[in-house]
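> Shown below is the structure under consideration.
The values are calculated or read from the model by the stated rules, or taken from the named source; none is laboratory data. Keep in mind the model is a prediction, meaning the values are calculated, not measured. Positions of Cβ are generated from backbone atoms using ideal geometry, with glycine treated the same way; all protein chains shown enter the neighbour counts.
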Amino acid sequence: MRISLPALRGRPSAVLLAVLAAVLTIPSIPAEARAGGGASAGRPGAPGPAGGGSVTSLPLTGGRLPAGRTARRFDLLGVGWDGPARALAGGTVKVRTRDAATGVWSGWHELETDGEDGPDAGADAAVTAGRAPRGATAPLWTGPSDGVAVEVTPGPAGPPPGLRVELVDPGEGVRSAGARSTAAEPADGGRRTGHHQAPRPEIVTRAGWGADESIREPDFEYTGPVRVVFVHHTATTTEYACSDAPRLIRAIYQYHVQSNGWRDIGYNFLVDRCGTVYEGRAGGTDLPVHGAHTLGFNTDSAGVAAIGTFVTDLPPAALLTGVARIAAWKLGLTEQDAAGSTRLVSGSDGSLYPAGTGAVFQAVSGHRDAFNTECPGDALYPKLPELRTEAARLQGR
């Protein structure tokens, strides 16, 4: 066992014994422990069709796993556990990875341990019914990698059971014969009968980004009319070719479903650095699909995720335009003024507002307005007033 001394400062002795560390050079893994949850038996997410990717799960027992020949590469990872989503609150999870092409190790990255995204109580019930709860860190996009080091320092509650590292291979995507890759604007310019309905932007469908539909729940959940759009960032790399955005989305989708146990990807829409808008959670882009993006306030809202990390990196102008266009159109479907505000009721004590408490949000809000998080980043959040103004202009206000 390797102990990270800086992480131990100030920890009581009982907690010192609970510090877990593992350094992995991904060993040869039996086929039955690969896609769809890896070594944890009984978890959802069986391998999908060819090209659908996989999730490999390796237990973090505190020991050093034997090194052998490397398994298939991974591009995204996170750490999961059995138990409540906040079971690691107050603890830390650090990871570093080995580049599959160069063999060079990255520096250490700290993963978010609080369950800031996810379904509200009672939602996504088809996935969680009959199963013990489980949690996971925020995912980290690593790019093509074949080795990982993990250090977990538990919080006051101690280490949760079933600690594991989840390694996601997005695959090459599943293509449906005859499916459209984009849903283009109608011939009328995308305007409906509503007085302030903005034009419908072109949206890349789930088939367009290669979603493996076999891993999600087959039915859909809907909420009331969308009155708020919550803007997020995916906390993944900002340095990606726009042609690689579908791969990023597939990895997030697989992590949300196969590692977190959600019924589908959490976001309703995603936007890449070139301004391309992608369909997120299935159920109809023009319908109020119940997402899992803003804990406590998934009802009567939609989540739009900017692909990247915008803490210090400025969001590209094209990305901002894409977010404004999808927000204007989605809010306009119910005549909601993109520059206005509305009242939502919290569905979770884990949010900034206790369950049952009403809170007033601007129609285009940031994730941090509803939850104690830096999302959508210090560089993107100040851009929200501009997004509201542009979205309202698109609505003809």
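> When you check Thr294 against the structure, is it crowded, with 24+ Cβ neighbours inside 10 Å and among the hydroxyl-bearing types (Ser, Thr, Tyr), yes or no?
Working: crowded, with 24+ Cβ neighbours inside 10 Å: yes; among the hydroxyl-bearing types (Ser, Thr, Tyr): yes.
Spelling it out, Thr294 is indeed crowded, with 24+ Cβ neighbours inside 10 Å and among the hydroxyl-bearing types (Ser, Thr, Tyr).
Table: residues versus (1) touching a residue at least 40 places away in the same chain (Cβ under 8 Å); (2) more than 21 Å from Ala251 (Cβ to Cβ).
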{"position": "Val271", "(1), (2)": "yes, no"}
{"position": "Ser348", "(1), (2)": "yes, yes"}
{"position": "Pro354", "(1), (2)": "no, yes"}
{"position": "Thr357", "(1), (2)": "no, yes"}
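> Looking at Arg216, Arg263, Arg250 in this structure, which one is assigned to a helix (DSSP H, G or I), crowded, with 24+ Cβ neighbours inside 10 Å and assigned by TED's automatic domain parsing to the domain that holds Gln362?
After applying the criteria, what remains is Arg250.
> Does Ala235 fit the bill of being on the phi > 0 side of the Ramachandran plot, outside the structural domain of Leu58 (by TED's automatic domain parsing) and not polar (S, T, N, Q)?
yes
> Here's a follow-up. Just to be sure, is Leu287 on the phi < 0 side of the Ramachandran plot and in a loop (DSSP other than H, G, I, E, B)? Don't jump to the end; show me each part of the working.
Details: on the phi < 0 side of the Ramachandran plot: yes; in a loop (DSSP other than H, G, I, E, B): yes.
It is true that Leu287 is on the phi < 0 side of the Ramachandran plot and in a loop (DSSP other than H, G, I, E, B).
> If I go through region 344-395 residue by residue, how many of them are surrounded by fewer than 18 Cβ atoms within 10 Å (Cβ to Cβ), closer than 18 Å to His290 by Cα and of a type in the set (Ser, Thr, Tyr)?
0
> Could you please let me know if Thr237 is touching a Leu at 6+ places or on another chain (Cβ under 9 Å), buried (at least 21 other Cβ atoms within 10 Å of the Cβ) and either β-branched (Val, Ile, Thr) or at pLDDT below 90 (or both)?
no
> Here is a follow-up. Look through Val174, Val150 and report the one residue that is under 23 Å from the mean Cα position of the chain (by Cα), more than 23 Å from Tyr240 (Cα to Cα), at pLDDT 65 or above and not assigned by TED's automatic domain parsing to the domain that holds Thr276.
Val150
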